[in-house]
Amino acid sequence: MTQFTSDRLLLFGATGDLSRRMLLPSLCALDAEGLLAPDIEIIGTARSDMDDQGFRNFARESLEQFLPAQRRGGMAQFLNRLTYQPLDANEIDHFTALAEKVGTPKQGLSIFLSTAPSLFEPTIHGLEKSGLAGENVRIGLEKPLGIDLASSKVINDAVAHAFPEDRIFRIDHYLGKETVQNILALRFANLMFEPLWNAAHIDHVQITVAETVGLESRVAYYDDSGALRDMVQNHMLQLLALVAMEPPVSYNATSIRNEKVKVLHSLRKVKPEETVTGQYRAGAIGGKAVPGYDEELGKDSDTETFVAIKGYVDNWRWQGVPFYMRTGKRLPKRCTEIIVQFRDVPHSIFHGRGAKTVPNRLVIGIQPEENITLSLMAKVPGLDRDGYGLRSVPLAILTPDAFADHQRRIAYERLLLDLIEGDQTLFVRRDEVEAQWEWIDAIRAGWMEQAQTPKTYTAGSWGPSAAIALAERDGVTWHE
């Protein structure tokens, strides 16, 4: 891998929603903490017609809205780093002007590409033609990277024509979340878990990504995508891979991504009856009435806004252990969590004393709260001649309490810094992306073959009743 710390960062889609909410606030926060190089320059580009000062004004408004006041200490310094160049990716001549604006980096150039997928190929072509794809340039790619395996290969081939794999940074922002990274620390920095982290001791795993929002500003994208492509193909499969992977040799990009891709290749093909799809109808969220999906969209659609899947990882460690995944919009609360349900003790010595044991459960909360909770059995204090009281009690790592001296970060802070410095550990390799799409495409093919359409569910509920049955018929209850 070519190692260099970039002294210039080029943001495509710099006036878009992602930039406004995440990228500019992340960069400003990094700059305020002295984590960016003192001489780094940040160049924004998009179709919007504005000059340097116009972009700085746009950035200031974004920071005031989306970055907490206590993290804006270096805002004036940060704004002075910003320049802007208008660009239409379909106009090759515009890239010449962009190259002149960027100039020749002294150390290296990092590019963050957040555009519509239809613009990926012309953008890469323009970068190559204008000399902005040299050996001291790396590129970060924001999803979606295609809508299936075939389209993903087209995009990856186009990028690979200009950039080698060691300079391509495919972004899954979930990998930038602290608690997601903490999965590795939990598993591989603590002796107690690894001997139990297998089919002999774990009954099942649940992964839930629940949203209360509907379409918001993602109308066109989401109706072409649906929950399976939008959430399962990337975020949820990455979470599954981190939970299920074998211990890597060391904490580096090659070792960790090698183990993740092994998990993805071990995923068993899912049968249609092992999935449930749904689409929300009108209901209420937080006591407020909300419309149904078709009403929000303004037309009838068969796009799924909810999906539940029972999957299996066919290898020695996980044989026979179901991985239940569910994600949906307009659910009762916003949360992302992983549940590792251990098996019960093989024999309880307390049954004769009227006490019942409950299997241990590990809950990894990713959002909105970042915490890790392990439930353990403990004796209830007190005197009882006839019984022996047991109760499941939590042993918790609450991030705000355990690390009170650390501020909660935006996930993109970690990812942008790693892009600038050239660390690929938290980015997705091409073979990972293609393994994910291969599994997802097989699920969609099964739906089409069975003519499976989404079941309706009321906004504010936990999805179609069939999703509850998917787990309940195995004696499993979704964690809520």
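The values are calculated or read from the model by the stated rules, or taken from the named source; none is laboratory data. Everything numeric in this text was worked out from a predicted model, so none of it was measured. For neighbour counting, all protein chains shown are included, and Cβ atoms are generated from backbone atoms with ideal geometry for every residue, glycine included. Keep in mind that these areas ignore ligands, DNA and RNA; they rest on the heavy atoms of the full protein, side chains included. Shrake-Rupley method; radii C 1.70, N 1.55, O 1.52, S 1.80 Å.
From the list LYS356, LYS329, LYS299, the lone residue that is at pLDDT 90 or above, farther than 19 Å from TRP197 by Cα and open to solvent by 20 Å² or more (accessible area, probe 1.4 Å) is LYS299. Regarding ALA241, is this residue modelled with pLDDT of 95 or more, open to solvent by less than 40 Å² (accessible area, probe 1.4 Å) and either assigned to a loop (DSSP other than H, G, I, E, B) or touching a Gly at 6+ places or on another chain (Cβ under 6 Å) (or both)? Criteria not met by ALA241. Restricting GLY140, GLY214, GLY226 to those that are open to solvent by less than 30 Å² (accessible area, probe 1.4 Å), closer than 30 Å to VAL290 by Cβ and not in a helix (DSSP H, G or I) reduces the list to GLY214. Residues in segment 150-186 that are more than 21 Å from SER225 (Cα to Cα), part of a loop (DSSP other than H, G, I, E, B) and at pLDDT 95 or above: PHE163, PRO164. Any chance segment 75-83 includes a residue that's open to solvent by less than 10 Å² (accessible area, probe 1.4 Å), touching an Asp or Glu at 6+ places or on another chain (Cβ under 9 Å), within 26 Å of SER118 (Cβ to Cβ) and not in a helix (DSSP H, G or I)? No, segment 75-83 has no match at all.
Taking each residue of segment 184-198 that is touching a residue at least 40 places away in the same chain (Cβ under 8 Å) and looking for partners that are among the aromatic types (Phe, Trp, Tyr) with beta-carbon atoms closer than 6 Å, six or more apart or interchain, yields ARG187/PHE193. Of the strands (runs of 3 or more DSSP E) lying entirely inside segment 367-480, those containing at least 3 residues that are modelled with pLDDT under 90 and more than 18 Å from the chain's Cα centre (by Cα) span 371-379, 390-398. Residues in segment 140-192 that are touching a Leu at 6+ places or on another chain (Cβ under 9 Å) and β-branched (Val, Ile, Thr): 6 in all. Comparison of ILE111, ILE147 shows that the only residue that is modelled with pLDDT of 90 or more, surrounded by 17 or more Cβ atoms within 10 Å (Cβ to Cβ) and over 19 Å from ILE42 (Cβ atoms) is ILE147.
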